[in-house]
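The values are calculated or read from the model by the stated rules, or taken from the named source; none is laboratory data. Because the structure is a prediction, the values reported are computed rather than measured. Because the Cβ atoms are built from the backbone with ideal geometry, glycine has one as well, and the counts that use them run over all protein chains shown. Keep in mind that these areas ignore ligands, DNA and RNA; they rest on the heavy atoms of the full protein, side chains included. Shrake-Rupley method; radii C 1.70, N 1.55, O 1.52, S 1.80 Å.
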Amino acid sequence: MRRTHSCGELRPVHVGQRVTLQGWVHRRRTHGGLIFVDLRDRSGIVQMVCNSQRSPEALEIAEAVRVEYVLDVAGEVARRPAGSEKPDLATGEVEVLADAMLVLNPARTPPFEINQDGEVDETLRLRYRYLDLRRERMRDIILLRHRMNQFLRTWLGAHDFVEVETPILVRETPGGAREFLVPSRVHPGEFYALPQAPQQYKQLLMVAGFDRYFQIARCFRDEDLRADRQPEFTQLDLELSFVEQEDILQIVERLHCELVEALTAKRLLQRPFPRLTFAESMARFGTDKPDLRWALELVDVGAIVADSGFEVFRAALATSGQVKALRAPGCAAYSRRELDELTRFAQARGAKGLVTMSLTADGVRSPIAKFLSPAEQQAILARVGAEVGDLVLLVADSAEVVAAVLSDLRVEIARRLGQLDPRVMAFCWIVDPPLVEWNADTQSWQAKHHQFTMPEVEDISLLDQDPGRVRAQQYDLVCNGYELGGGSVRIHRRDLQAKIFQILGMSDAEAQAKFGHLLEAFEYGTPPHGGIAIGLDRLMMLLADSENIREVIAFPKTQSAVEPMTGAPASVAPERLAELWVALRLPAPATQP
């Protein structure tokens, strides 16, 4: 290679050395007979100095180059003149006195500024993602992700895990998220699916005797997208044999603590990670992925207002609903406009309205004060721990609506008060969720996690009597309000797996057709086993202080599942469809009114 050094590695120790650098023009500045060119590559930026005394030819080329030109520059490393150092730049003590310069490739004017991280329309950034990735912020994210993957492989290898790749073309799995289907050319009318996860394969690896498996796995789900979800994503997949739930929680916890400490300057809020049951998390925070950076919790005040004069409260409680409250410290002085904003926020999440109580030095101010006795008002304030200057928010509705509204309000208030410090990572475990839940649309039970999850041993007797009361040996890893991963101890007995299939409404013939390979494998000495899958894209969001999953993926899809850069998805030629035995039946175009 002609290049002797990367741009970002030059330091005072290199002074006097001749170097050859190659990279992109980051900035260009002209000062009389001097031209300064900042040259950039993946490693960083260093300043080139071109003048007529040293090399008229280099100066002539430097006069013609523009940002993003690709250059080859040879010269001598020198110290910057006293007072011109750049302490905020890794190479800020040195510069390169250019002897020769060659344009390897010119560049058109970019559609947005690359040498600064200003706001740019996301669609434009994704259309020119190869340019967006040149920007410092995006480059740092991709390099951090590289270091994360390196750390994971090294750490897991040191802990006796074996990396095994599993298939991408798999059989469709019933239940769970919708899968992408791939038609088979050589098997007319039959389809592969792209895997939601390597679930069955990793269990079969346990049957095969690879008692500690891992994979940085690509997974696919044909779901509606949001800020923390993509149709294709990457997860760290782990599976272990001869373990119980506690063993898995311990090793995953150690992995994450050491990862955060090795790659970031972030602070772990608590270690060991708190453990909340699913029911406890829902009761205290209204969600199974609570953000524990904010200590305040939801408080049930139903017993206090059950006989109050406020009909909305009584009606909700009479129909097995709830009345819960949340304290907003120091927010009693909120204006009418701010209170209306919170009300609209609550209504957008399903609430019929939002009740507010402001505790001021002059007493309680509330639109429903006349419907509550002084004793009821004081009991509510005492129950939530309100002090003078605090605002109390109350919602009355079904348990589901109350949880959804107040959990989001809790985070919104924390955000407004600046309590969600991105430098802090608040991990926790959510354990003991229900094994199954009732689907009112299909009038059947469906798995809360997946159909391979082991019930709590003491609850197995309830499978025939009341499946809804059965707890699962399942656990979710949560951090800062995001579910980073989920896993479970798996069923390893054929009889119990067949029983779960029956509860989920699957006939013996259907179970055999779809999962016969797994059931048969369980007859050949399957060890007790369990595992977890960690969403690396979401983890990267937290490590990189990003609120959008698209920021931490090199080439993501938009929220409408489109890749603007290449135009995927796109139509294909009719003859290509014919090869795949596919015929299209497209929806009729919408008619104009």
Exercise for review: Quick one: which residues, 5 or more positions from residue 490 or on another chain, have an amide H under 5 Å from its amide H? H modelled 1.01 Å from N in the peptide plane, none for Pro or chain starts.
Suggested key: 454, 529, 530, 531
Point to revise | Relative frequency of Cα-Cα separations exceeding 28 Å in the range 44-187, percent | key: 52 percent
Check your understanding: Which of the lysines could be linked to residue 557 by a straight reach, that is with a Cα gap under 27 Å, when you skip same-chain ones fewer than 8 residues away?
Key -> 289
Check your understanding: Is there a pair in 448/514; 266/448; 202/514 whose C-alpha atoms are over 27 Å apart, and which pairs would that be?
Key -> 266/448
Point to revise | Contact order relative to length of the range 447-593, as percent, for alpha carbon pairs under 8 angstrom and 6 or more apart | key: 16 percent
Point to revise | Whole-percent pair-distance distribution, where bins are 10 Å wide, for the alpha carbons of the range 222-299 | key: 13, 30, 43, 14, 0
Practice item. Determine the gain in length on full extension of the stretch residue 499-residue 512; use 0.36 nm per residue of separation and subtract their C-alpha separation, reporting nm with one decimal. Key: 3.4 nm
Practice item. Could you calculate the FRET efficiency of residue 442 with residue 52 from 1/(1 + (r/R0)^6), where r is the beta carbon distance between them and R0 is 60 Å, rounded to 0.05? Key: 0.15
**Study point:** Cβ-placed point charges (K, R +1; D, E -1), dipole of the chain about Cα centre in debye, nearest 20
**Key:** 1500 debye
Practice item. Over all alpha-carbon pairs of the range 357-485, lay out the pair-distance distribution in 10 Å bins, whole %, shortest bin first. Key: 10, 25, 26, 21, 15, 2
Review point. Separation between the residue 90 and residue 320 pseudo-spin-labels, each 7 Å from Cα along Cα→Cβ, expressed in nm?
Key: 6.1 nm
Exercise for review: Would you mind calculating the relative contact order of the range 373-517 from Cα pairs under 8 angstrom and at least 6 residues apart, reporting the percent as a whole number?
Suggested key: 18 percent
Review point. What Kirkwood hydrodynamic radius do you get for the range 464-593 when you take the inverse of the mean 1/r over all pairs of distinct Cα atoms, in Å?
Key: 20.2 Å
Review point. For residue 311 and residue 400, what does the FRET efficiency come to when R0 = 25 Å and r is the distance between their Cβ atoms, rounded to the nearest 0.05?
Key: 0.75
Check your understanding: Is the range 188-322 best put as rounded, prolate or oblate by its Cα gyration tensor, with a ≥ b ≥ c the root eigenvalues, rounded for a/c under 1.5, and otherwise prolate when a/b is larger than b/c, oblate when not?
Key -> prolate
Revision key, fill the gap. Per the Kirkwood formula over distinct C-alpha pairs, the hydrodynamic radius of the range 67-132 in angstrom is 14.7 Å
Check your understanding: When the chain is fully extended, how far beyond the present Cα-Cα distance does residue 369 get from residue 72, taking 0.36 nm per residue of separation?
Key -> 99.4 nm
Point to revise | Theoretical FRET efficiency, 1/(1+(r/R0)^6), r = Cβ-Cβ of residue 123 and residue 3, R0 25 Å, to 0.05 | key: 0.10
Review point. Karplus couplings for the range 552-566 from phi (6.51 cos²θ - 1.76 cosθ + 1.60, θ = phi - 60°), rounded to Hz, Gly and Pro as x?
Key: 10, 10, 4, 10, x, 9, 6, 5, 9, 6, 10, 9, x, 5, 9
Review point. Can you give the accessible area per residue of the range 188-309, in Å², using a 1.4 Å probe?
Key: 43 Å²
Study note, to complete from the structure: Full extension between residue 387 and residue 280 adds, at 0.36 nm per residue less the Cα distance, a length in nm of 36.0 nm
Revision key, fill the gap. Here the range 64-78 yields Karplus 3J(HN,Hα) values (6.51, -1.76, 1.60; θ = phi - 60°; whole Hz; Gly and Pro given as x) of 9, 6, 9, 4, 6, 4, 9, 10, 10, 10, 10, x, 10, 6, 9
Check your understanding: Roughly how tilted is helix 374-384, in degrees to the nearest 10 and between 0 and 90, from the longest Cα axis of the chain?
Key -> 50 degrees
Study note, to complete from the structure: Sorting 202, 499 on solvent-accessible surface, 1.4 Å probe, most exposed first, gives 499, 202
Point to revise | Prolate/oblate/rounded call for the range 297-364, Cα gyration tensor, a/c under 1.5 rounded | key: oblate
Review point. Ignoring ligands, DNA and RNA, what percent of the 1.4 Å accessible area of the range 211-369 is carbon and sulfur?
Key: 48 percent
Point to revise | Local electrostatic count at residue 508 - Lys and Arg +1, Asp and Glu -1, tallied over other residues with Cβ under 13 Å | key: +1
**Study point:** Sorted largest first, extent of the chain alpha carbons per principal axis (Å)
**Key:** 91, 76, 62
Exercise for review: Only helical DSSP H runs with n ≥ 4 go in: add -39500 (n - 2.57) per run for the chain, normalise by residue count and round the 222 nm mean residue ellipticity to 500 deg cm²/dmol.
Suggested key: -8500 deg cm²/dmol
Point to revise | Computed label-point distance, nm, for sites residue 257 and residue 130 using a 7 Å Cα→Cβ extension | key: 4.5 nm
Point to revise | Inter-probe distance in nm under a simple model that places probes 7 Å from Cα toward Cβ, at residue 224 and residue 303 | key: 3.9 nm
Revision key, fill the gap. Residues whose built amide H sits under 5 Å from the amide H of residue 360, excluding neighbours closer than 5 in sequence, are 365, 389
Check your understanding: In terms of the Cα gyration tensor, with a ≥ b ≥ c the square roots of its eigenvalues, is the range 397-455 rounded because a/c is under 1.5, prolate because a/b exceeds b/c, or oblate?
Key -> oblate
